[in-house]
Amino acid sequence: MTQTCTTCPYCGVGCGVLATPDKVKGDANHPANYGRLCSKGSALNETVGLEGRLLAPRVNGADTTWDTALGLVADKFKAAVDEFGPDSVAFYVSGQLLTEDYYVANKLIKGYIGSANIDTNSRLCMASSVAGHKRAFGTDTVPGCYEDLEQADLVVLVGSNLAWCHPVIFQRLLAAKAARPQMRVVVIDPRRTATCDIADLHLPVTSDGDSAIFNGLLAHLVDAGCVDQAYVDAHVDGFDAAVSAARASDPVQADVSADDLATFYDMFAKTEKVVTVYSQGVNQSEAGTDKVNAIINCHLATGRIGRPGMGPFSVTGQPNAMGGREVGGLANMLACHLDIENEAHRDAVQQAWDSPTMCTHAGLKAVDLFRACEEGKIKALWVMSTNPAVSLPDATRVSEAIKKVPFTVVSDILERTDTGDLAHVLLPATGWGEKSGTVTNSERVISRQRKFLPVPGTARPDWDIIADVGRRMGYSGFDYASEAAVFREYAALSALGKTFARDFDISGLAQLSDAAYDDLQPIQWPVPTDGNTGGRFFAEGGFYHAGGKAKMLPITPPAPKSYDGLTLNTGRIRDQWHTMTRTGRSARLAAHLAEPFVEIHPEDALANGLHDADLAQLTTDQGQAIVRVLITSNARRGAVFVPMHWTAQTAAAGRVNPLVAAVTDPFSGQPASKDTPVALKRA
Ligand code: SF4
């Protein structure tokens with residue numbers, strides 16, 4: 001049977017997959033994975049069954065026609081906008097959407113409805129990296145590529161369990177370390193994770209201690225004479241203030257051994273080729289943006305950025321979190337990395353779209369968006385391809401907030417999800433293998449997802465559903481013949497990148513024929529019309545702040561928290577994805593860790609009267625859960641870890657996100673999911 005070249009729908013590594021309905025294997029020609037797949041990717045064919053699929057639109061629980069359902073959606077959204085204004089409606093979308101879906105949703109709400117109330121579950125994933133990039137570089141640029149990890153002599157992994165959460169990058173790192181044993185790996189993480197198996201050094205930091213560590217590193221780099229003064233003079237502002245702030249903070253508050261810290265600082269100082277990889281342990285924090293900038297400061301000061309084997313590197317969680325950032329899927333961004341606050345940018349996008357209006361200010365970020373639902377400010381809500389009633393912090397409160405919205409639409413592939421159960425209208429979307437489009441991975445490579453499965457029932461691609469609603473609302477900009485037509489419009493819009501001297505420009509793809517779009521091979525952006533495609537950023541400066549310089553930021557680490565009790569850290573496990581709607585179907589994947597658990601240090605277990613395999617009740621100010629006890633010295637004392645995948649559909653008592661406090665980073669709006677105070681006792 002003919003194999004279809006497509007892209008894995010799970011994490012931001014973005015691996016190429018060769019798929020038939022019965023079998024998947026890694027695509028040896030894809031630059032992300034060169035044939036590798038992880039456990040989740042290699043089980044994809046076990047997860048494409050039709051059990052539980054939503055096959056027809058539903059209104060108030062009854063199957064109906066697309067005409068009836070979409071007519072109702074258009075009428076309700078239009079009525080809300082007419083009566084209460086554009087900001088009375090909201091979209092909550094997903095890093096699982098394809099770029100074409102994301103683009104049309106963003107265009108409809110920002111350019112036609114006239115509100116920026118569109119946020120995405122990517123807010124939970126990497127919004128702090130976006131904010132940190134914008135503060136340092138003037139735009140949201142990932143400077144390097146995966147090869148840098150293989151070429152580095154020192155790889156520092158901060159708040160990243162790469163082995164479980166980005167497994168194929170980990171496999172590449174493992175192979176590179178085997179080939180060059182002199183390569184060093186340092187892991188900075190409260191937990192001793194599977195990633196530590198290849199670490200030369202593990203720093204079991206407190207949950208918010210990263211900034212203190214990197215401030216201390218910056219001071220050490222200055223004292224050790226490692227500053228690249230020529231690079232700083234030519235390309236960086238804010239050096240002195242950043243160093244002063246670094247000297248004013250104390251790495252002791254990170255609570256790691258002084259000897260280990262000195263070893264790390266010495267390694268970093270003496271190694272030119274350093275990549276610092278960071279992920280949710282950095283981003284999901286009240287001080288996440290500051291952590292990102294504390295890391296970037298060290299690379300800017302040493303000029304170790306944008307050259308082979310060097311640079312800060314944010315790895316994204318979702319398959320198309322990057323695509324969402326590029327189309328403006330976050331409430332505080334415009335398409336193509338343009339700025340909502342910039343009137344010239346707004347005018348140019350509106351002109352290109354020939355749209356009747358344009359949002360004038362940033363919209364509500366995820367946590368605030370659902371608070372607005374709770375307060376009765378949102379009259380019509382459309383949730384696409386995500387499950388906020390499970391995945392957001394303080395999730396029970398989010399469920400209650402959704403119930404207060406007079407009209408809620410959910411587009412999903414499943415008939416039952418925790419969020420779908422709250423909706424007035426359910427719209428059946430096509431899923432992986434049933435639809436076509438593009439995604440962008442963590443190293444800026446745009447890849448095609450391609451259809452190779454029949455469409456179940458009357459399901460439709462998200463971009464097509466959204467465009468139909470746009471037309472029914474009376475708007476003229478939504479007559480797309482195909483996803484290729486959407487992509488061409490988006491690529492043409494990105495020529496504004498050149499107009500406004502921004503980083504994101506894929507206008508070289510704007511003339512693709514349908515056949516060329518279908519054949520599109522993985523390609524790293526930028527893709528301008530002059531053919532200088534891809535590559536690294538910033539080796540020779542060229543930043544996007546006015547004046548072309550980067551900014552080092554003065555970072556003041558948060559004061560250490562002193563809880564009497566334990567704190568709750570949440571995250572992923574190796575073989576499940578998000579709320580398990582797909583991976584939960586594979587018995588092989590479920591066999592890895594079959595039920596929700598709490599990982600706890602032996603001394604904390606003793607102090608709380610817990611034994612291995614007990615059931616423990618966890619209680620926070622937000623809620624309760626009951627999960628299995630797993631005692632391990634891999635846990636940091638004082639901090640317990642619970643995975644976040646289980647739902648009301650799969651293990652109601654083990655849902656952990658209802659326990660997490662909905663506190664956010666002040667710059668990024670990203671929720672902190674790593675240190676909610678929690679009490680434990682035997683259930
Ligand atoms: Fe899919 Fe990520 Fe695994 Fe690659 S590493 S196969 S993208 S889940």
Problem set entry | Selection status of Gly363, of a type outside the set (S, T, N, Q), over 18 Å from Pro666 (Cβ atoms) and crowded, with 24+ Cβ neighbours inside 10 Å | no
For this session: Please enumerate the residues belonging to region 560-579 that are within 14 Å of the ligand (Cβ to nearest atom) and in contact with a Ser or Thr (Cβ under 9 Å, 6 or more places away or on another chain).
Result: Arg574, Asp575, Gln576, Trp577, His578
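Could you say which residue among Leu553, Leu493 is buried (at least 19 other Cβ atoms within 10 Å of the Cβ), of a type outside the set (Gly, Ala, Ser) and in contact with a Cys (Cβ under 9 Å, 6 or more places away or on another chain)?
Working: Leu553 fails: in contact with a Cys (Cβ under 9 Å, 6 or more places away or on another chain).
Only one candidate qualifies: Leu493.
Do we have Phe478 as more than 26 Å from Thr2 (Cα to Cα) and modelled with pLDDT of 95 or more here?
yes
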Exercise. Does region 516-525 contain any residue that is surrounded by 22 or more Cβ atoms within 10 Å (Cβ to Cβ), in contact (Cβ under 8 Å) with a residue 12 or more places away in the chain, closer than 21 Å to Met333 by Cβ and of a type outside the set (Asp, Glu)?
Worked result: yes
Seminar exercise, completed: Considering residues that are in contact with a helix residue (DSSP H, G or I) (Cβ under 8 Å, 6 or more places away or on another chain) and either in a helix (DSSP H, G or I) or among the β-branched types (Val, Ile, Thr) (or both), the number found within region 451-463 is 3
Exercise. Based on what the data block shows, is Val13 aliphatic (A, V, I, L, M) and in contact with a strand residue (DSSP E or B) (Cβ under 9 Å, 6 or more places away or on another chain)?
Worked result: no
Seminar exercise, completed: Considering region 575-603, residues that are of a type outside the set (A, V, I, L, M) and free of Cβ contacts under 8 Å to residues at least 60 places away in the same chain, and then whichever is farthest from Ala321 (Cα to Cα), we arrive at Glu603
Exercise. What pairs come up if the first residue lies in region 216-233 and is over 26 Å from Gly548 (Cβ atoms), the second is at pLDDT below 95, and their beta carbons are under 8 Å apart, counting only those six or more places apart or on different chains?
Worked result: Gly216/Ser249; Gly216/Asp250; Gly216/Pro251; Gly216/Ala254
Exercise. If you take the residues in region 169-199 that are outside any strand (DSSP E or B), within 21 Å of Cys145 (Cα to Cα) and in contact (Cβ under 8 Å) with a residue 60 or more places away in the chain, which one is farthest from the ligand (Cβ to nearest atom)?
Worked result: Arg172
Exercise. Is region 10-32 home to any residue that is touching a Phe, Trp or Tyr at 6+ places or on another chain (Cβ under 6 Å) and hydroxyl-bearing (Ser, Thr, Tyr)?
Worked result: yes
Seminar exercise, completed: All-but-one check, Asp418 against (1) away from the ligand (no atom under 16 Å from the Cβ); (2) of a type in the set (D, E, K, R); (3) at pLDDT 95 or above, failing number (3)
For this session: Tell me, please, whether a residue that is touching a helix residue (DSSP H, G or I) at 6+ places or on another chain (Cβ under 8 Å), on the phi < 0 side of the Ramachandran plot and part of a loop (DSSP other than H, G, I, E, B) can be found in region 483-492.
Result: no
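Residues in region 150-165: is at least one closer than 30 Å to Asp339 by Cβ and within 16 Å of the ligand (Cβ to nearest atom)?
The answer is yes, given that some residue of region 150-165 is closer than 30 Å to Asp339 by Cβ and within 16 Å of the ligand (Cβ to nearest atom).
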Exercise. Is it true that some residue in region 103-115 is over 16 Å from Ala467 (Cα atoms), in the same structural domain as Ala389 (by TED's automatic domain parsing), more than 16 Å from the ligand (Cβ to nearest atom) and in contact with a Cys (Cβ under 8 Å, 6 or more places away or on another chain)?
Worked result: yes
For this session: Quickly run through region 318-353 and pick out the residues that are touching a Gly at 6+ places or on another chain (Cβ under 8 Å), more than 16 Å from the ligand (Cβ to nearest atom) and polar (S, T, N, Q).
Result: Asn332, Gln350
Exercise. Does Gly609 qualify as being more than 29 Å from Glu400 (Cα to Cα) and outside any strand (DSSP E or B)?
Worked result: yes
Exercise. Hey, any hits in region 301-315 for a residue that's touching a residue at least 12 places away in the same chain (Cβ under 8 Å), surrounded by fewer than 24 Cβ atoms within 10 Å (Cβ to Cβ) and not in a loop (DSSP other than H, G, I, E, B)?
Worked result: yes
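Can you tell me which of Ala241, Ala234, Ala269, Ala219 is part of a helix (DSSP H, G or I), in contact with a Pro (Cβ under 8 Å, 6 or more places away or on another chain) and either modelled with pLDDT of 95 or more or within 12 Å of Thr302 (Cβ to Cβ) (or both)?
Among Ala241, Ala234, Ala269, Ala219, only Ala241 is part of a helix (DSSP H, G or I), in contact with a Pro (Cβ under 8 Å, 6 or more places away or on another chain) and either modelled with pLDDT of 95 or more or within 12 Å of Thr302 (Cβ to Cβ) (or both).
Listed residues Thr632, Thr620, Thr579, Thr650; which is over 27 Å from Leu369 (Cβ atoms) and in contact with a helix residue (DSSP H, G or I) (Cβ under 8 Å, 6 or more places away or on another chain)? Walk me through how you get there before you give the answer.
Values: Thr620 fails: over 27 Å from Leu369 (Cβ atoms); Thr579 fails: over 27 Å from Leu369 (Cβ atoms); Thr650 fails: over 27 Å from Leu369 (Cβ atoms).
The unique qualifying residue is Thr632.
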Exercise. Do we have any residue at all in region 200-210 that's touching a residue at least 40 places away in the same chain (Cβ under 8 Å), in a helix (DSSP H, G or I) and among the polar types (S, T, N, Q)?
Worked result: no
Exercise. In the list Thr650, Thr567, which residue meets the criterion of being part of a strand (DSSP E or B), within 24 Å of the chain's Cα centre (by Cα) and surrounded by fewer than 22 Cβ atoms within 10 Å (Cβ to Cβ)?
Worked result: Thr567
For this session: Within region 432-440, identify whether any single residue is part of a helix (DSSP H, G or I) and at pLDDT 95 or above, and answer yes or no.
Result: no
For this session: Could you tell me which residue of region 1-52 is surrounded by the fewest Cβ atoms within 10 Å (Cβ to Cβ), considering only residues that are more than 13 Å from the ligand (Cβ to nearest atom) and under 20 Å from Asn441 (Cβ atoms)?
Result: Ala28
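The values are calculated or read from the model by the stated rules, or taken from the named source; none is laboratory data. A quick note: this is a predicted structure, and the numbers were derived from the prediction, not measured. Reconstructed Cβ throughout: ideal geometry from the backbone, glycine too, with neighbour counts over all protein chains shown.
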